[in-house]
Amino acid sequence: MEIRDTLSSSLKEIETREGKRLYMFVCGPTVQDDPHMGHARTYIFYDVLARYLRYRGIRLFYLMNITDIEDHIITKMKETGRSWEDITATYSSRFFDVMEKLKIRSVNYYAFATDFIEEIISQIKRLMKKGYAYETSDGVYYRARKFKEYGRLSKQNLDQLMAGARVEVNEEKEDPLDFALWKKKKEREPSWQSPWGEGRPGWHIEDTAITESIFGPNYDIHGGAKDLIFPHHESEIAQMEAISRKRPMVKYWIHTGHLNVDDIKMSKSLKNFVTVEEALKNYWPEAIRIMMLSMKYNAPVNFEEKAAADAQGTAERIAILQHRVDDSPELKTERAVEAVMKIFAPLESDMNTPETMREIVSFVKDSLAKKGLTIQEKGEIRYVLSEVEKVLGIVHTPPLPERSLNVLLELRNELRKKGDFTSADRIRESLNSRGIKIEDTAEGSYLWW
RNA sequence: GGGUAGGUGGCAGAGUGGCUAUGCACGGGACUGCAGAUCCCGACUAUUGGGGUUCGAAUCCCCACCUACCCUCCA
């Protein structure tokens, strides 16, 4: 399959290592606030990428870092008076909770930055030895211009870049472009021992220390959202390649587009942050996944009520189809396999999930239109939906209704037969208020949510 | 100022040289006690502007205009 690589800005065929192995690293969150829809957008895409690569038989190791020490966390400490441990424990557990709710379970290992302090220090030492780093009164910095490829990933001309309104307070730095590898401790900040005194790591070095420890100096896919290209990923390349001299650090750089809210960039200053928990109050996880997958991964996604409601409708239609066929065992026939291939084919060209969604919607529509499905047809549809679920995670399966609910449903049907619609409607309303929908069909009624 | 990605019907959004997606919204109908959901039929029928290449362009090339994002912490 082909994927667009940011560094070469061209499509590249994905090649695996020996034994069909592939190493992927994706930049995780800084655990200092509730996960928002931007996180959902990014991590849903990489989840589907990981699922699809594995579906194709690739033995993927998917690694994600968790930034648990960083300026924002310190700001949060000062604002709230809470301890570092308290903040990072709270928000990392919320992050994992949200990932689980969104059916993102493809990550093999979450690496917390502070578990890699030794490796970080080792990398900084090596950079100093090679002349890429220098110490000042407040930290250790990387000599960006010494690495001649700096700017290649983001296609930035370093001198033009300088024209931007770059506010630099630090007079000790040799060049405003230089970035921190180690920050020396200030009053009441969490800190670790190092050859440069107590302090904490810079942001960019966390990731290269983690990936070097787990994957070595070279690996295959590095993902993240677009805003990380500069300076974060640019600096990662500078660090790792300066240390190892083994190029390229990664073979495929993938960057996802942002999430806008009502066409406006989501930002703290505009107070238009939508958390995942808020969105989940109104929409199924499957609907959120569908919404994200309805646009190409590198384009911006707009989160607005209409788009979300559309996605919810699609998710419900898939769920209705699933309900119609779940009394038959899966049946893998040639016809079913062909249908699956048709659905996944667009993923081969740069993960064209919108096209795949279109194929699914059209498959679901055709299947719903068929009256009186045979056992075989049901089994085939079930097989297709199950494959779709494996890769995309968009088939909503309602939990089995409790006995008491079924009793209510039967009672309502009896009331309907008798013509007591007032009481029947009261039951429907009561169930609706609990988020449970009643589906009256020609073959009878059932509950779902 | 530099960079990246784009400009497709009322809206959202695919399609990379010929067969003009799909969804939502809209009109009519079926089913239903009703509502919702589902299904059927229908109408509208687009490719930012201007040049060029071609038998033929939304699709390739050039110019112009416009938009979003990045260059500052950010998924």
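Key figures
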read-out	value
Single match in A:Lys12, A:Lys20, A:Lys78, A:Lys101 (criterion: in the same structural domain as A:Ser213 (by TED's automatic domain parsing), basic (Lys, Arg) and in contact with a Gly (Cβ under 8 Å, 6 or more places away or on another chain))	A:Lys20
Number of the exception - A:His36 against (1) within 19 Å of A:Val391 (Cα to Cα); (2) touching a strand residue (DSSP E or B) at 6+ places or on another chain (Cβ under 6 Å)	(1)
Selection count, the range A:320-329, where residues are among the β-branched types (Val, Ile, Thr) and more than 7 Å from RNA strand B (Cβ to nearest atom)	1
From A:Thr275, A:Thr256, A:Thr314, residue being within 19 Å of A:His36 (Cβ to Cβ), within 7 Å of RNA strand B (Cβ to nearest atom) and modelled with pLDDT of 90 or more	A:Thr256
Those residues of the range A:25-54 which are in contact with a helix residue (DSSP H, G or I) (Cβ under 7 Å, 6 or more places away or on another chain) and aliphatic (A, V, I, L, M), in sequence order	A:Val26, A:Val31, A:Met37, A:Ala40, A:Ile44, A:Val48
Single residue of A:Val407, A:Val388, A:Val361 found to be more than 28 Å from A:Lys12 (Cα to Cα) and more than 15 Å from RNA strand B (Cβ to nearest atom)	A:Val407
Residue check, A:Arg143 of a type in the set (D, E, K, R) and crowded, with 20+ Cβ neighbours inside 10 Å	yes
Which listed residue, of A:Lys296, A:Lys332, A:Lys268, is touching a residue at least 24 places away in the same chain (Cβ under 8 Å), within 11 Å of RNA strand B (Cβ to nearest atom) and in a loop (DSSP other than H, G, I, E, B)	A:Lys296
Neighbours by Cβ (under 9 Å, 6+ apart or cross-chain): first from the range A:216-236, under 10 Å from A:Met249 (Cβ atoms); second within 12 Å of RNA strand B (Cβ to nearest atom) and polar (S, T, N, Q)	A:His233/A:Thr6; A:His233/A:Ser154
When residues of the range A:50-88 are limited to those that are of a type in the set (D, E, K, R) and within 14 Å of A:Gly28 (Cβ to Cβ), the one surrounded by the fewest Cβ atoms within 10 Å (Cβ to Cβ)	A:Glu70
Which numbered condition A:Val169 misses (of (1) modelled with pLDDT under 90; (2) touching an Asp or Glu at 6+ places or on another chain (Cβ under 6 Å))	(2)
Failed item in (1) within 9 Å of RNA strand B (Cβ to nearest atom); (2) within 30 Å of A:Thr353 (Cβ to Cβ); (3) among the aliphatic types (A, V, I, L, M), with A:Leu415 passing the rest	(2)
Selection within the range A:211-237 - hydrophobic (A, V, I, L, M, F, W, C) and at pLDDT 95 or above	A:Ile214, A:Phe215, A:Ile221, A:Ile237
Single residue of the range A:378-431 satisfying the filter (in a helix (DSSP H, G or I) and acidic (Asp, Glu)) that is surrounded by the fewest Cβ atoms within 10 Å (Cβ to Cβ)	A:Glu429
Unmet requirement for A:Ser386, which otherwise passes all of (1) within 25 Å of the chain's Cα centre (by Cα); (2) in contact (Cβ under 8 Å) with a residue 60 or more places away in the chain	(2)
In the range A:212-240, residue farthest from A:Arg145 (Cα to Cα) [restricted to those that are near RNA strand B (Cβ under 10 Å from one of its atoms) and of a type in the set (A, V, I, L, M, F, W, C)]	A:Ala225
Residue check for A:Asn298: out of contact with any Ser or Thr (no Cβ under 8 Å at 6 or more places or on another chain) and among the polar types (S, T, N, Q)	no
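Residues are listed down the side, and each one gets a yes or a no for (1) more than 18 Å from A:Val391 (Cα to Cα); (2) near RNA strand B (Cβ under 10 Å from one of its atoms); (3) part of a loop (DSSP other than H, G, I, E, B); (4) of a type in the set (Phe, Trp, Tyr):
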position	(1), (2), (3), (4)
A:Ala279	yes, no, no, no
A:Ala309	yes, yes, no, no
A:Ile318	no, yes, no, no
A:Glu338	no, no, no, no
A:Ile343	no, no, no, no
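One line per residue, one yes/no per condition, for (1) closer than 22 Å to A:Ser445 by Cβ; (2) not charged (D, E, K, R):
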residue: A:Asp350; (1), (2): no, no
residue: A:Phe363; (1), (2): no, yes
residue: A:Lys371; (1), (2): yes, no
residue: A:Tyr383; (1), (2): no, yes
residue: A:Glu387; (1), (2): no, no
residue: A:Thr397; (1), (2): yes, yes
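The values are calculated or read from the model by the stated rules, or taken from the named source; none is laboratory data. Remember, predicted model here, so these are calculated numbers, not experimental data. Reconstructed Cβ throughout: ideal geometry from the backbone, glycine too, with neighbour counts over all protein chains shown.
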